[in-house]
Amino acid sequence: MQNTENAVKNRSTSQHLSGALHLTGKSRFIADEAPLQGTLYAKFLFSPVAHARLRKLDISQAESYPGIYKVITAADIPGQNMIGHVIKDEPLFPTLEIMYAFQPLAMVLAEDERCAELALAQIKIDYEELPAIFDPEDADAREMWYVPQRKIENGDVDKAFAEATYIMEGKTSNSGQEHFYMEGQRAYAVPFEGNRILLHSATQSTMEVQEVAAHVLGIPAHDIVVEVPRLGGAFGGKERAATIWACMAALGAFVTKRPVLVQLSRDEDMHATGKRHPFTSLWKVGYDEKGKILAYDIQLLANGGAYSDLSVAILERAMFHSENAYHIPNIRIRGRACLTNLPPNTAFRGFGAPQGIFVIEGILDKIALQLGLDRLQIRKLNAYRNGDITPYGQEIKASQMTQIFDHLSQKADYENRKSEVETFNNKNERFKRGLGIVPVKFGISFTTALLNQGSALIWVYIDGSVSVTTGGVEMGQELSTKMAEVVARVLGISTSRIKVESSNTQRVGNASPTAASTGSDINGNAARIAAEKIRQALCEPAAELIKQEHELDVKPEDIVFTADMVYSHAQPDLCVSFIDLIRFAYNSRIPLAAYGYYRTPQLWFDRELGNGHPFHYYVYGAALAEVEVDTLLGEHSLRSFHIVHENGQSLNERIDLGQIIGAAIQCYGWCTMEDLKWNEQGVYTSANPSTYKIPGIRDLPEIFTVEILPSQSTEASVFGSKAVGEPPFIYGLAVFFALQDAIRKVNPEASLSFPATPEALLLFS
């Protein structure tokens, strides 16, 4: 790849704290913890059908099978069987109705995994199969929704349609996506004093695991201690979906009083866990001869699967992003989260926003094609400007969309590239090239306001080393490095002095999920506040120590902390070391610990009115992709990828650069090769690495440029930084529209199905 380093050259970045550990294989995950003596291994009886009335579950023969310690069913649950953080509609074990294929029906605990697997065959299931629904349109027709329809509306939509020069209608669908994290679903529960359970969980949400596990066991939350060392990837797939497996382990340990290990195989994981939500969207758009959109009416149908999980919140974010980066004066957005007989679909990077954005970007390309307009210019025409109001009533205050489009055009040499593509296509019959452009305006905050809070605990030890604990979970995004960077800046010390601890509910409780691209914002601000308290407490002893060592009277408010030294800003040469200060403060009985709490300000949203201020700020950017398609074979190559991304004052641009590239490529996979399929029984047929293709290193383009722009926003979070986990995912959509552009050189009426696999490309070429 070329030019990716341009974005970070000559800018200060801290060391990647986990880099050496990852490269040498010394990073510790749950799987690296050696099972204790007496550990029981869990295996699950999964439902063979998608929908059925459960008559009886006969476990007698399995319980008497050699080596089996216990077979656990719903009857063994001491507390409540129904789980769910928001809507408690999902049974840990179903008792009356099976709702999806591979739903866990019972858990076998044995001395070894093989023994447990053999015992599963001894369990007899008596059930009456029922009709199953897998399509959200079918579910919608039957009004099978978790909650009533949600609606956001602004302007006079019907009047605008009546006055529009052109009207276009259509239906857009996108498929789901497997998370394909490297570390699968895993939990290890160890019983200790009384009813207490130490629960090692591969989760993004320690609070949810603690709360739900306590609910299942019928014990107080303080009796569940959740520990998360780090995750081997998650992408949203361990925000809610990890909870059920953690509860299984906790239940097993509670009932047997022995350690219990739950670990799904890759095949089990891919079959039994929810994916990115497939969406079907029905839309109507009105526009003028210049391509300005005057009216937009969209209905979003989310395929939520068997239980609500996070479907309502995901639908809501899709609605919030249905207009993407464009000001549409008259707009009506309706959304319905539909119940189907698939595994409960769940959070995935972008959390519904990519599904909503995909629709409007396809519409703009259609309008440009019909009117013979340039796709970049039509996007600039419709782009948000400062002072514009979103459909839900939030004012745009710091949009850089116009500047970003200009930067992208210059960076990608857009006009020459268009000309070169046209020349190439005129000379070649078999091979065709295409361009795709996609911008993004991504709102940052949990759309459920109560989740926008976080805590941090900091200890400074007497040798000057520092321990930092937040509610954030390290899962490869290197949140730990950013937390260390925050504390280092406040205390004026190097990050090498700082250890960021694993997430633990005893150290920091009530932690919001590490999700929604808020990890650095919420936890970083909490860490900043805690570090500032410590710095403030150290100012008076620092003044006293400088006076003792240098005979200099210093006011506490004049103390400066930097480069592991402490001094008065008036006399920087008369300094003391940070280590000496800490020892002096300890001897003076000055507190060397602090708790920090942060809540994101000015967040509210009225769901009944569809109006409010749900986001702290927005992240802006745009991407241009060029592809070449072999119309004979349906194969394609990604020739170049150009991204311009507005990122505030980054805490660590090298880490952010990795996030931008990784997110864009992950979306590229979703759009072009990750073909998630299920059969008539609702069983995923693409549920293993041999049938589910994800991008590899050979799929990267030779030319991949990323330009990171500073922010104009005053509302960005800790030290002026901006979120980077989810917004860049949207850039990958540019590849899909580039492929569609290439195919339209052969078939002008082509409207590619999603994902744009070789089979799909051949269908239209």
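The values are calculated or read from the model by the stated rules, or taken from the named source; none is laboratory data. What you are looking at is a predicted structure, and each value in this text was computed from that prediction instead of being measured. No Cβ is skipped: glycine too gets one built from the backbone with ideal geometry, and neighbour counts run over all protein chains shown.
Among the candidates Ala62, Ala110, the residue that is in contact with an Asp or Glu (Cβ under 9 Å, 6 or more places away or on another chain) and either at pLDDT 95 or above or aromatic (Phe, Trp, Tyr) (or both) is uniquely Ala110.
So if I check each of Phe754, Phe704, Phe736, which one is of a type in the set (A, V, I, L, M, F, W, C), part of a helix (DSSP H, G or I) and closer than 30 Å to Val619 by Cα? Before you say what the answer is, go through the steps one by one.
On the way: Phe754 fails: part of a helix (DSSP H, G or I); Phe704 fails: part of a helix (DSSP H, G or I).
Every option except Phe736 fails the conditions.
Residue-wise test of (1) over 30 Å from Asn345 (Cα atoms); (2) within 24 Å of the chain's Cα centre (by Cα).
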{"site": "Val619", "(1), (2)": "no, yes"}
{"site": "Glu646", "(1), (2)": "yes, yes"}
{"site": "Ile665", "(1), (2)": "no, yes"}
{"site": "Glu680", "(1), (2)": "no, no"}
{"site": "Tyr684", "(1), (2)": "no, yes"}
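Okay, residues lined up against (1) outside any helix (DSSP H, G or I); (2) among the small types (Gly, Ala, Ser); (3) surrounded by 24 or more Cβ atoms within 10 Å (Cβ to Cβ); (4) not assigned by TED's automatic domain parsing to the domain that holds Val500:
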| residue | (1), (2), (3), (4) |
| --- | --- |
| Val216 | no, no, yes, yes |
| Glu227 | yes, no, no, yes |
| Gly236 | yes, yes, yes, yes |
| Glu239 | yes, no, yes, yes |
| Thr243 | no, no, yes, yes |
| Cys247 | no, no, yes, yes |
| Ala250 | no, yes, yes, yes |
| Ala253 | no, yes, yes, yes |
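Within this structure, Ile357 passes the test of being among the aliphatic types (A, V, I, L, M) and under 21 Å from Tyr617 (Cβ atoms). Among the residues that make up the range 561-579, is at least one of them charged (D, E, K, R), under 21 Å from Thr495 (Cα atoms) and more than 41 Å from the chain's Cα centre (by Cα)? No, the conditions are met nowhere in the range 561-579.
With the structure loaded, tell me whether Phe161 is surrounded by 14 or more Cβ atoms within 10 Å (Cβ to Cβ), touching a residue at least 24 places away in the same chain (Cβ under 8 Å), touching an Asp or Glu at 6+ places or on another chain (Cβ under 9 Å) and in the same structural domain as Gly291 (by TED's automatic domain parsing) or whether it fails that test. When the stated conditions are applied, Phe161 passes them. Scanning the range 190-213 for residues that are outside any helix (DSSP H, G or I), surrounded by fewer than 21 Cβ atoms within 10 Å (Cβ to Cβ) and modelled with pLDDT of 95 or more yields Pro191, Arg196, Leu198.
Just so you know, in the range 714-745 the residues that are buried (at least 24 other Cβ atoms within 10 Å of the Cβ) and of a type in the set (D, E, K, R) include one that is nearest to Gly669 (Cα to Cα), and it is Glu726. All of (1) crowded, with 16+ Cβ neighbours inside 10 Å; (2) part of a loop (DSSP other than H, G, I, E, B); (3) not polar (S, T, N, Q) hold for Ala42 with one exception: (2). Kindly evaluate Gly434 against the criterion of being touching a residue at least 60 places away in the same chain (Cβ under 8 Å), of a type in the set (Gly, Ala, Ser), farther than 25 Å from Ala716 by Cβ and not in a loop (DSSP other than H, G, I, E, B). So Gly434 fits the description; yes.
Candidates in the range 716-747 are the residues that are touching a residue at least 24 places away in the same chain (Cβ under 8 Å) and more than 28 Å from the chain's Cα centre (by Cα); of these, the one that is nearest to Val627 (Cα to Cα) is Ala742.
Which residues, counting only those in the range 285-322, are among the hydrophobic types (A, V, I, L, M, F, W, C), out of contact with any strand residue (DSSP E or B) (no Cβ under 8 Å at 6 or more places or on another chain) and closer than 23 Å to Tyr620 by Cα?
Passing the criteria: only Ala313.
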